[in-house]
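Right, one structure below, let's go through it.
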Amino acid sequence: MTPESVMTIGRAALEMTILVSAPVLLVTLVVGLVVSVFQAATQINDPSLSFIPKVLSVLITFALAGPWMLTVMTDYMRRVLSGLPGIIG
């Protein structure tokens, strides 16, 4: 196992992590920003007002993007495990 192959595997793992987590993080960011602007405009400082929409948006995002995320992760793991004999030997 060469250092280049280790770096390639590590880079692919980081790219996969970013790709899979991006939809949830972006939706949470947008919802948090909208709720914060709403709280600033109305001067309502209730913590549950920012928590509940974020949780609901994350659940909806997982429901919509979950099958795609699972497919991407399964394909990645299939590629890693099928290429493992070539990496080791």
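Observations on the structure shown:
- If you go through region 27-50 and keep only what is out of contact with any helix residue (DSSP H, G or I) (no Cβ under 9 Å at 6 or more places or on another chain) and either among the hydroxyl-bearing types (Ser, Thr, Tyr) or assigned to a helix (DSSP H, G or I) (or both), you end up with Leu29, Leu33, Val37, Ala40, Ala41, Thr42, Pro47, Ser48.
- Criterion violated by Val6 - all others in (1) surrounded by 12 or more Cβ atoms within 10 Å (Cβ to Cβ); (2) within 18 Å of Gly83 (Cα to Cα); (3) of a type in the set (A, V, I, L, M, F, W, C) satisfied: (1)
Where a number appears in this text, it was derived from the coordinates with a stated rule and is not lab data. Since the model is a prediction, treat every value here as computed from it, not as a measurement. Cβ sites come from the backbone with ideal geometry, for glycine too, and all protein chains shown count toward neighbours.
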